[in-house]
1. Can you tell me which residue within region 19-43, out of those that are outside any helix (DSSP H, G or I) and touching a helix residue (DSSP H, G or I) at 6+ places or on another chain (Cβ under 8 Å), is farthest from residue 76 (Cα to Cα)?
2. Check whether at least one residue in region 238-251 is modelled with pLDDT of 95 or more, under 20 Å from the mean Cα position of the chain (by Cα), of a type in the set (Phe, Trp, Tyr) and under 30 Å from residue 150 (Cα atoms), and report yes or no.
3. Given the criteria buried (at least 17 other Cβ atoms within 10 Å of the Cβ), farther than 19 Å from residue 91 by Cα and within 28 Å of the chain's Cα centre (by Cα), does residue 258 qualify?
4. List every residue pair whose Cβ atoms sit under 7 Å apart, with the two residues 6 or more apart in sequence or on different chains, where the first one lies in region 121-146 and is in contact (Cβ under 8 Å) with a residue 60 or more places away in the chain and the second, anywhere, is among the polar types (S, T, N, Q) and not in a strand (DSSP E or B).
5. Quick check: is even one residue across region 273-288 more than 17 Å from residue 183 (Cα to Cα), aromatic (Phe, Trp, Tyr), without any contact (Cβ under 8 Å) to a residue 40 or more places away in the chain and buried (at least 21 other Cβ atoms within 10 Å of the Cβ)?
6. Quick one: in region 237-249, which of the residues that are without any contact (Cβ under 8 Å) to a residue 40 or more places away in the chain and within 26 Å of residue 177 (Cβ to Cβ) is surrounded by the most Cβ atoms within 10 Å (Cβ to Cβ)?
7. Looking at region 190-206, which of the residues that are closer than 15 Å to residue 224 by Cα and part of a loop (DSSP other than H, G, I, E, B) is nearest to the chain's Cα centre (by Cα)?
Amino acid sequence: MSKFFVTTPIYYVNDAPHIGHAYTTILADVLGRYHRAAGDEVFFLTGLDEHGQKVKQAAEKRGATPQAHCDDLVPRFLNLWKRLDIRYDDFVRTTQERHKKIVQLVLQKVHENGDIYTDEYEGWYSVAEERFITEAEYESGQFRDVKKLKEKNYFFKMSKYQHRLIEYIEQHPDFIRPEHRKNEMLGFLRQPLGDLCISRPKARMDWGIEIPFDRDYVTYVWFDALVNYISIPGYGSDEEKFKKWWPADVHLIGKDILTTHSIYWTTMLFSLGLPLPGTIFAHGWWLIGETKMSKSLGNVVNPLDLINTYGVDAVRYYLMREMVLGLDANFTPDSFIKCFNSDLANDFGNLLNRVSGLIQKNHGGKIPEPGAVTEHESLIQMNANVLPGSVKLLISQFKVQEALMETLLFVQSLNKYMEIQAPWKLAKTDMKAANRVLYTAAEGLRIATIMLAPVMPEKTAAVLSILGAEDTKPVWGQLRPGTPLKSHPPLFPRIEVEKA
């Protein structure tokens, strides 16, 4: 049995979860479900980053301790993931003891390896980004809440591993994806790489994990957060579990945190003597119009609003369908409604309604006998048998949108087959032919439904239940003639634009 270990970033607890968080987490869930369906053993890790200066400041504003502040905000994410039907295997909070002690273990090991030193540093510090920035970054004007700081800190010798990392990226073409992000990082690495400040003096900021070899300091929030990818699968605590799961197959991240993952994290792993993850995949941003979502602009889309109106599966489908992995995507209400009506109401939902309606009307509500097939049915069967392999290949290449397109094209071919064969007319003159057509359409629908299940688990489970095919596999011929169909409401009622 193969394994598949997928991670999301751990989201900042102060943020309200929005469509960007939902997208990454649904994507990880969809990949995990596809791999489970293919027989792989899956570990899907997500969670929250709870340390740092912004958390401390927000807690102080509320008159709460940082821990109480975090405890109060965590349910926003947990409840949303439940509503989105996210089935993670573990959920990490960086304030958990199981994580904190491994961060300290990692710091100790990196220190003992000679990769941490002290230095007095003077430079511009961005409170918003919680890091020192370069003079060029300061002059760009892109950083908020910047001040000049001079203090003694601990530094990680990131520059020591610069050339080794360049070689690794060049020798592993799938390590950073998509291709243009890999080239971006190689360009970055061909400039002198500085070392990474990995501490904050408690006198200035004490909300973090204490550095084990100097109690006057806490760990920089990014050094702490990245360690979650190894602390939870058992590094330093469960050798057998860690050996089973590490390295991760894919870190799914937004493009804005590519540098921290492909440079900070990889050099930390080099220092620890650990293998690097299989792929770091940086997806694009969800835009509103042509603008990135931002709390300050007030254009953040709340996934709960969409779920409450249109249902969880429609939201999951839209997010997977509309973004080509690696590129930006544009969210508009019009594009959501168009996708819903076209793919879900007209194609998938309409196929179920036609098949079940005709079987109820002309065939006693039971799956008919397939009978002797013609060339038309043979073509449908061939395409149905090819579909699972095509989808599996596309998913292995992280081409979720193309996998959905492939499945929808098959659904569309079934609708076209129904239009051409017209089983409602055949039922008047040739019942065996009508049986053959409806069995073929129903069986094709069953296989398409199974292939859509990782994206729309709720609705596809309902369709398989209607067909009496809950435990079947995507192999032709498993739909049993004589099985009574269950009555059902419309799967995806069309959205009337005026009402929407």
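The values are calculated or read from the model by the stated rules, or taken from the named source; none is laboratory data. Small disclaimer: the values here were computed from a predicted structure and weren't measured. Positions of Cβ are generated from backbone atoms using ideal geometry, with glycine treated the same way; all protein chains shown enter the neighbour counts.
1. Initially, region 19-43 is screened for residues outside any helix (DSSP H, G or I), giving 38-43.
Next, only the ones that are touching a helix residue (DSSP H, G or I) at 6+ places or on another chain (Cβ under 8 Å) stay: 38, 42-43.
Details: 38: 32, 42: 25, 43: 23 Å.
So, considering only residues that are outside any helix (DSSP H, G or I) and touching a helix residue (DSSP H, G or I) at 6+ places or on another chain (Cβ under 8 Å), the one farthest from residue 76 (Cα to Cα) is 38.
2. Going through region 238-251, the residues modelled with pLDDT of 95 or more turn out to be 238-251.
Remaining after also requiring under 20 Å from the mean Cα position of the chain (by Cα): 245-251.
Subsequent filtering for residues that are of a type in the set (Phe, Trp, Tyr) retains 245-246.
Retained after the next criterion (residues that are under 30 Å from residue 150 (Cα atoms)): none.
No, region 238-251 contains no residue that is modelled with pLDDT of 95 or more, under 20 Å from the mean Cα position of the chain (by Cα), of a type in the set (Phe, Trp, Tyr) and under 30 Å from residue 150 (Cα atoms).
3. Numbers: buried (at least 17 other Cβ atoms within 10 Å of the Cβ): yes; farther than 19 Å from residue 91 by Cα: yes; within 28 Å of the chain's Cα centre (by Cα): yes.
Judged against the criteria, residue 258 is a match.
4. 127/53; 130/53
5. The answer is no; no qualifying residue exists.
6. Residues of region 237-249 without any contact (Cβ under 8 Å) to a residue 40 or more places away in the chain: 238-243.
Cutting the leftovers down to within 26 Å of residue 177 (Cβ to Cβ) gives us 242-243.
Values: 242: 17, 243: 10.
That would be 242.
7. 198
Per-residue answers, yes or no, for (1) surrounded by fewer than 17 Cβ atoms within 10 Å (Cβ to Cβ); (2) in contact with a strand residue (DSSP E or B) (Cβ under 7 Å, 6 or more places away or on another chain); (3) part of a loop (DSSP other than H, G, I, E, B); (4) among the aromatic types (Phe, Trp, Tyr):
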position: 159; (1), (2), (3), (4): yes, no, no, no
position: 173; (1), (2), (3), (4): yes, no, yes, no
position: 182; (1), (2), (3), (4): no, yes, no, no
position: 186; (1), (2), (3), (4): yes, no, no, no
position: 208; (1), (2), (3), (4): no, yes, yes, no
position: 235; (1), (2), (3), (4): no, no, yes, yes
position: 251; (1), (2), (3), (4): no, yes, no, no
